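First comes the structure, then the notes that go with it.
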Amino acid sequence: MYRISQLARLFGLSRSTLLYYDRIGLLQPSGRSEAGYRCYSTADKERLATICSYRQAGLGIEAIRRLLVTAEAGSELVIRQRLEAIGCEIRNLQAQQQLLAGMLNLQAGGALPVSIDKQTWIEMLRAAGMDEAAMQQWHAEFERRAPQAHHAFLLSLGIDEQEALLIRDLSAGQWGN
């Protein structure tokens with residue numbers, strides 16, 4: 001049997017995490033000592049190992065609860081959904097990475113070629129797999145890191161001053177508000 005501090009230490013967790021898991025019913029101790037301390041069995045330790053594996057895979061508490069309750073029946077669906085979500089995140093990050101690398105190349109080589117306008121730029125972003133939300137995030141990140149360069153970039157696409165300022169305002173945290 002393991003006491004709460006021992007079990008927490010084995011997994012690099014805080015004692016309060018195990019108390020939380022107990023409170024929400026995710027991992028309840030098998031028993032209590034004569035002094036009233038929580039005691040965890042080997043089976044509890046294995047369950048915690050499973051919980052920790054799911055957490056490392058990025059699953060939320062509710063998804064983990066469903067996996068533990070349904071055992072094998074629904075686990076494939078939950079895991080497959082998480083895998084697809086990670087794939088989508090990776091594709092969005094790769095598109096952003098490619099765009100940023102291109103921006104660095106352009107910065108090193110001078111101004112943008114004359115042939116790139118607003119429409120061409122939007123088409124390139126879409127071709128790279130970016131949806132509206134990803135484009136908004138890209139603008140927000142550009143505005144956060146280099147506001148003046150963001151402004152100059154927007155103007156270089158042939159966007160007028162008023163629209164550039166609107167895009168910058170939205171990028172500074174107004175999207176969807």
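To keep it simple, each residue is scored yes or no on (1) surrounded by fewer than 13 Cβ atoms within 10 Å (Cβ to Cβ); (2) modelled with pLDDT of 85 or more; (3) not aliphatic (A, V, I, L, M).
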| site | (1), (2), (3) |
| --- | --- |
| Ile64 | no, yes, no |
| Gln81 | yes, no, yes |
| Gln97 | yes, no, yes |
| Ala101 | yes, no, no |
| Ala108 | yes, no, no |
| Ala128 | no, no, no |
| Arg144 | yes, yes, yes |
| Leu157 | no, no, no |
(request) Quickly run through region 12-37 and pick out the residues that are touching a helix residue (DSSP H, G or I) at 6+ places or on another chain (Cβ under 9 Å) and open to solvent by less than 60 Å² (accessible area, probe 1.4 Å). (result) Leu13, Ser14, Thr17, Leu18, Leu19, Tyr21, Asp22, Ile24, Gly25, Leu26, Leu27, Pro29
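The values are calculated or read from the model by the stated rules, or taken from the named source; none is laboratory data. Computed from a predicted structure; not experimentally measured. With ideal geometry, Cβ positions are generated from the backbone for all residues, glycine too; neighbour counts draw on all protein chains shown. Accessible surface areas use protein heavy atoms only, side chains included; no ligands, DNA or RNA. Shrake-Rupley method; radii C 1.70, N 1.55, O 1.52, S 1.80 Å.
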